[in-house]
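The values are calculated or read from the model by the stated rules, or taken from the named source; none is laboratory data. What you see is a predicted model, and the numbers here were worked out from it, not measured in a lab. Here the Cβ is made from the backbone with ideal geometry for all residues, glycine too, and neighbour counts use every protein chain on show. Surface areas here come from the heavy atoms of the whole protein model, side chains and all, with no ligands, DNA or RNA. Shrake-Rupley method; radii C 1.70, N 1.55, O 1.52, S 1.80 Å.
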Amino acid sequence: MTVTPPKQFPISVVAPLRWLGIWVLALPLLLAGCVSTKSTYNRDQVSQRLKARSGYELGAARTASAPAPALPNLQDGLSEDETVTLALTRNPAFQADLSTLALAQADLQDAGLLANPVLSGVTAFGTSPVSLALSFASDLLWQRPGRVGAAQLETQRVAESLVSRGLLVSRDAQVSYTDITLAEERLRIAREGIVMRAEVARIVRARYRVGEASELETVAPSADSLRAVDDFYRARRDAQVARLRLLATLGLDSVNADSLRFTAAPASATTVPPLRTLLDSAYAARPDLWAARTGIEGIGKRLKWERSRVFSFVLSLNARLNDPKPVSLAPGAAIGLPIFNRNQGRISRVKAELEQASWQYLALRQTVNLDVREAYAQFEQATQSVALWENSYLPTLTDALRRSTNAFINGDFPYVQVAETTRQLLDAQQRAADARADQRRAVARLRYAVGGRF
């Protein structure tokens, strides 16, 4: 019986086949590595977007242990722009929010990482040769682009959310600054009230000494003077509390609140566009709406990625070390059959998240509409109140108090009328200050509602 030896391929044919198998196994890794994990949505991009929308910057990045940024010159007072800048650069809560961008970038880097190959081997035993296998999950060939794309969109969403957060911090700083200036205006009015009521009480006591008034008539003016002093103490307390709250927000706890001076805010001369224009601008430019739309797109990317995970595919490169022959290489593969687990749970979850994000986007549009309309209504009402008090009531009441005081000095007017006119004038001054503060608050809220300056 003649034994036919196995057919031997020439070396010129076997070597190219081996290298072809190696390149086929390496191709998934090469293709998967073509997706970039770099993102343009970094801190500088957020700072530029915030400056374009509000005119303020984030400042240089720093760690929690790093020294705080240098303070502006506080000797000449703290202006509103300086207050907003300090809030954006020193507020600890906002700095913590900015760290979420680094977290998103880390997730993006993690999404682009490839699974490490697994090297397994069996040592020689008896007459069996030594065998090695180098395996790696090649399903990244179609999964990695979707995973990285979803992480890219999440980074963009976080960046847009931080722009919105910066606008919110700016608005709150402007509102707090307005509260302080209003508290100081009320303190000034209360101090003026002490002077006015003390003068009336002095006149009554002088008339009592010359016998032109009874002792009973001196009781009411003295009580009004004491009430004016109590109003002053209350106004001073409110001003101190407002200062402490703002300084804590700005990270200026070590600064003496009573010694810090705030520059008086100028009268608002902002020209506000029509309501329809403001609504269109808010829908087109508000960062949180952009973040919501980007989030929906990112969830759609994640849905595609979860669907691609139904199939698992592992390629391997097998090597056998034979004694009489050199190393022989051969490719291999392991395919997961999606019979029981087709990733139904993760796919259903992402679908539910997509539905939830869609409804949240519609709810956010309604919130934006309400924010713009409320702020616009507040601005209109405050503007009308400012014009009413400053152009009509205050001049009239000031003249009425002057004439009634002169008549009271001459004995032609009762004290009750003077006291009532004084009360009305002080109340009108406070209402005018409240209206001016409401107008500045409305402008700050309107700017945030439309996504920046208009």
I'm trying to understand the selection: among the residues of segment 216-247, which are over 17 Å from F408 (Cα atoms) and of a type in the set (D, E, K, R)?
R227, D230, D231, R234, R236, R237, D238, R243, R245
Of A330, A357, A428, which residue is open to solvent by less than 90 Å² (accessible area, probe 1.4 Å), out of contact with any Asp or Glu (no Cβ under 6 Å at 6 or more places or on another chain) and at pLDDT 95 or above?
A357
Of all residues being within 30 Å of V418 (Cβ to Cβ) and of a type in the set (F, W, Y) in segment 374-402, which is farthest from the chain's Cα centre (by Cα)? Just the residue, please.
Y393
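So that you can scan it fast, the table gives a plain yes or no per residue for (1) buried (at least 17 other Cβ atoms within 10 Å of the Cβ); (2) basic (K, R); (3) assigned to a loop (DSSP other than H, G, I, E, B):
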residue: T270; (1), (2), (3): no, no, yes
residue: P273; (1), (2), (3): no, no, yes
residue: L278; (1), (2), (3): yes, no, no
residue: A284; (1), (2), (3): no, no, no
residue: V310; (1), (2), (3): no, no, yes
residue: F313; (1), (2), (3): no, no, no
Could you list all residues from segment 190-246 that are open to solvent by 70 Å² or more (accessible area, probe 1.4 Å) and outside any helix (DSSP H, G or I)?
V210, E212, E215
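Against the condition of a type in the set (A, V, I, L, M), in a helix (DSSP H, G or I) and without any contact (Cβ under 8 Å) to a residue 40 or more places away in the chain, how does A382 come out, does it pass?
no
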Would you pick out the residues in segment 360-387 that are of a type in the set (S, T, Y), open to solvent by 40 Å² or more (accessible area, probe 1.4 Å) and modelled with pLDDT under 95?
T383
Subset of segment 99-110 [of a type outside the set (G, A, S) and open to solvent by 20 Å² or more (accessible area, probe 1.4 Å)]
T100, L103, Q105, D107, Q109, D110
